[in-house]
Amino acid sequence: MARHIISAKQFEKNEVLALFEKAKKLKQAFKQRKILDVARDRILTTVFLEPSTRTRLSFTYAMKRLGGVVVDFGAEEITSRAKGESFEDTMKMLDCYAPDIIVLRSKEVGAAERASKIVSCSVVNAGDGWNEHPTQALLDVYTMWEVFGKVDGLRVGVMGDLKYGRTPSSLSYLLSKFSNISIHYIAPPELQIRQDVLENIKNVEVNMHSRLEEVDVELDVLYVTRLQKERFADQQLYEALKGSYTVSTTLLSRLRKIPTIMHPLPRVDELSTEVDVLPQAKYFEQAENGVYVRAALISSLLSLNTP
Ligand code: NCD
């Protein structure tokens, strides 16, 4: 039976570390601009029913660098979805073309799980509404592992729209697989982390703050996220919160130590471009790591013979 990647909760620490080791090796190979020949005869289909740059392209680059084929579903408005075809029928149809992996992004919570019950190949959740984005969490934690040489014991600040964001939840679940993790959630009260996330990370030391200045320990990582404009039912609330938090060099210089700065991207107003030149800014490397980590995941799902 095909294995699906639906939630960051599903991973075990050892499996995550094995994926990281594989990603590190693939990084060395891909950095030499190599196209491997290990995924020949394999097809990955990207189905993005919500905008994406990094996730769709890094899966595409990863599969192509492994020597496989990628078929993109295309923008929703050019498909029969625009004629009213149901999600179930679309998935059944795709399955007839026999891809090996479907990478799916949807506005709807639970879409990847629903798809996994319809198709016979592996389904990878590339974001289901505000719920989860497990492969983003893999590349986020991989980047931390690369910077610090370990994940256990890290103190991570997660800042921004923690209510509607799907990366803070998946990141929290994945970090909770490691030991002695402390997470500082930094957000205006209206955007604080969801209760259901906290219920699933009982072994993590959790702290809540409304502003970065309130954090009184030296953070190892500060993970910033944007206000998820598209998920606000109340546009007035969105306008009121817009610009309410911005990470700038001035703000960072007030901290005891400047942490490694991460962001899933895209950024809007919450992370000033002046931060980009700091050696602690890792968000573009983080995005680059997406190719290696997703290639490692594809390789594991398809049992490829990678280096
Ligand atoms: C994130 C997402 O789609 O949830 N983007 C990404 O995949 N890197 C973050 C966001 O859109 O804010």
If you wrap region 197-285's Cα atoms in a convex hull and average its projection over all directions, what's the area in nm²?
-> 7.1 nm²
Show me 4-10, 49-55 ranked by packing, highest mean number of other Cβ atoms within 10 Å first.
-> 4-10, 49-55
Probe 1.4 Å - accessible area at Trp130, Å² to nearest ten | 100 Å²
Of Leu19, Leu252, Leu139, the most mobile residue in a GNM of the chain (C-alpha springs, cutoff 10 Å) is Leu252
Report, ordered by chain and residue number, the lysines lying within cross-link reach of Lys22, taken as a straight Cα distance under 30 Å and ignoring same-chain residues fewer than 8 apart.
-> Lys9, Lys13, Lys31, Lys34, Lys64, Lys117, Lys150, Lys177, Lys202, Lys282
Among Ile261, Ile78, Ile43, which one shows the biggest mean-square fluctuation in a GNM of the chain, springs joining Cα atoms closer than 10 Å?
-> Ile78
Carbon/sulfur fraction of accessible area - the chain, other protein chains in place, 1.4 Å, % | 49 percent
Using helices alone, what [θ] at 222 nm do you get for the chain, with -39,500 (n - 2.57) per DSSP H run of 4 or more residues, divided over all residues and rounded to the nearest 500?
-> -10500 deg cm²/dmol
Roughly how many whole Å is it from the C-alpha centroid of region 199-215 to that of region 234-307?
-> 19 Å
Take the chain, connect every pair of alpha-carbon atoms lying under 10 Å apart with a spring to form a Gaussian network, then pick out the residue of Thr260, Thr167, Thr250 with the largest mean-square fluctuation.
-> Thr250
Taking Asp41, Asp95 and ranking on accessible area (1.4 Å, protein atoms only), highest first, one gets Asp41, Asp95
Computed Rg/Rh of the chain, alpha carbon atoms with Kirkwood Rh = 0.96
Per residue, what accessible area does the chain have, given a 1.4 Å probe and all protein chains present, in Å²?
-> 44 Å²
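The values are calculated or read from the model by the stated rules, or taken from the named source; none is laboratory data. All values reported here derive from a predicted model rather than from experimental measurement. Counting neighbours? That spans all protein chains shown, and the Cβs are built from the backbone with ideal geometry, glycine included. Remember, those area values only see protein heavy atoms, side chains included, never the ligands or the DNA or RNA. Shrake-Rupley method; radii C 1.70, N 1.55, O 1.52, S 1.80 Å.
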